[in-house]
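Below you'll find the structure, written out as structure tokens, and then a few comments.
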Amino acid sequence: MSRSKLIVVSAPSGGGKTSIVKEILARHPEFEFSVSGTTRTKRPNEIDGVDYFFLSKKEFERLIQKDELAEHELIYGNYYGTLKREIDRAVSSNKTMVFDVDVKGGLSIKKLYGGTAVLIFIEPPSIAVLEQRLRNRKTEDEETFRKRMERVALELEMGQQFDFHVVNDMLAQAIDEVDEIIKKQIQS
């Protein structure tokens, strides 16, 4: 019987999911990170094949047509998605894979992989705190910021379908809570 787990961490933009996932991977070097594909522009500190697979729109649409994605979403004018072959490789190798994906993507992975997938939703302590975190990132123009904030209510509602919820008020505490959830799920 496979002991692999697919640990899916989702949150609204600015919720802290990427910071939490990075620390979980640092604590558990035996875990694999699921590198998503995207058509968005690479940020200066990102590395192709490590942070994302940066793809053209044409390449991404080919993956969609061939049903090679476990999940995909068009968000803020860019595609994001997870390659099925990467997930299947991890599961067949009995590896635990950690995902940093949006809420819809997490639910799609759960639908395809059932009990192998563990969904953890990171909630902000408040909408005001989330808004401030997004502004402090300084990675979006005002239009993108507005679109991200418009999506928050939908993400919070869909996040209620996740297996576990962690409020990210204090990052270190949220990381510890996520780590404990993962440890218990791997042992079960």
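Bear in mind that the values in this text are calculations on the coordinates, not laboratory data. Treat the numbers as computed from the prediction; the structure is a model and nothing was measured. Counting neighbours? That spans all protein chains shown, and the Cβs are built from the backbone with ideal geometry, glycine included.
Numbers at a glance
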item: Choice from ASP141, ASP163, ASP48 showing the highest fluctuation, given a GNM over the chain with Cα pairs closer than 10 Å; result: ASP141
item: The chain, relative contact order in percent, only Cα pairs under 8 angstrom and at least six apart counted; result: 34
item: Cα gyration tensor category, rounded, prolate or oblate, for the range 1-97 with a/c compared to 1.5; result: oblate
item: Computed over the range 98-174: relative contact order in percent, which uses C-alpha pairs under 8 Å that are six or more apart; result: 45
item: At most 10 other Cβ within 10 Å, DSSP loop - trypsin sites (Lys or Arg not before Pro), the range 108-142; result: LYS138
item: For the range 131-186 versus the range 49-73, the gap between their alpha-carbon centres in whole angstrom; result: 24
item: Of LYS42/LYS183; LYS5/LYS147; LYS5/LYS111; LYS84/LYS147, pairs whose Cα-Cα distance is over 24 Å; result: LYS42/LYS183; LYS5/LYS147; LYS84/LYS147
item: For the chain, built as a Gaussian network whose Cα springs stay under 10 Å, the top-fluctuating residue of SER108, SER93, SER34; result: SER93
item: Rounded D (µm²/s) - the range 92-188, Kirkwood Rh over Cα pairs, Stokes-Einstein at 25 °C, 0.890 mPa s; result: 164
item: Highest-fluctuation residue, GLU32, GLU177, GLU150 considered, GNM on the chain with Cα pairs under 10 Å; result: GLU150
item: Alpha-carbon gyration tensor eigenvalues x 5, square-rooted, for the chain, Å; result: 24, 22, 15
